[in-house]
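The values are calculated or read from the model by the stated rules, or taken from the named source; none is laboratory data. Since this is a predicted model, take the numbers as computed values, not measurements. Positions of Cβ are backbone-derived with ideal geometry, glycine not excepted, and every protein chain shown enters the neighbour counts.
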């Protein structure tokens, strides 16, 4: 019996990369949780739920990678805004360097991308 790549494997890959995608979305400006969820949903292949995102944001906060502030919302309850800390920015930059190397290696093995 052949084993095929299944949705579970893709879901694991997504979960492993989601933290860094969130950090990247916060690179240029702070955002509130639902805004992050919408931005992730707009990217094909990064489908995630608020049930996944909010625990991740709490962990990023505990780990010191993001800081939060509460602000009044013009259309409802106050919103918690997230922004990168210096450690979050450094973590993102380290990941970016490793990601390029990893992505290029996988593309090379699969025969779909760049050769270095």
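In summary, residue 44 fulfils each of the numbered conditions (1) closer than 24 Å to residue 8 by Cα; (2) at pLDDT 90 or above with the single exception of condition (2). With respect to the conditions (1) more than 17 Å from the chain's Cα centre (by Cα); (2) under 17 Å from residue 22 (Cα atoms); (3) in a helix (DSSP H, G or I), residue 107 falls short on a single one, namely (2). Elements of the type helices (runs of 4 or more DSSP H) sitting completely within region 1-88 and holding at least 2 residues that are within 24 Å of residue 103 (Cβ to Cβ) and free of Cβ contacts under 8 Å to residues at least 12 places away in the same chain: these cover 7-25. On the basis of being surrounded by 15 or more Cβ atoms within 10 Å (Cβ to Cβ) and at pLDDT below 90, does residue 61 make the cut? So residue 61 fails the test.
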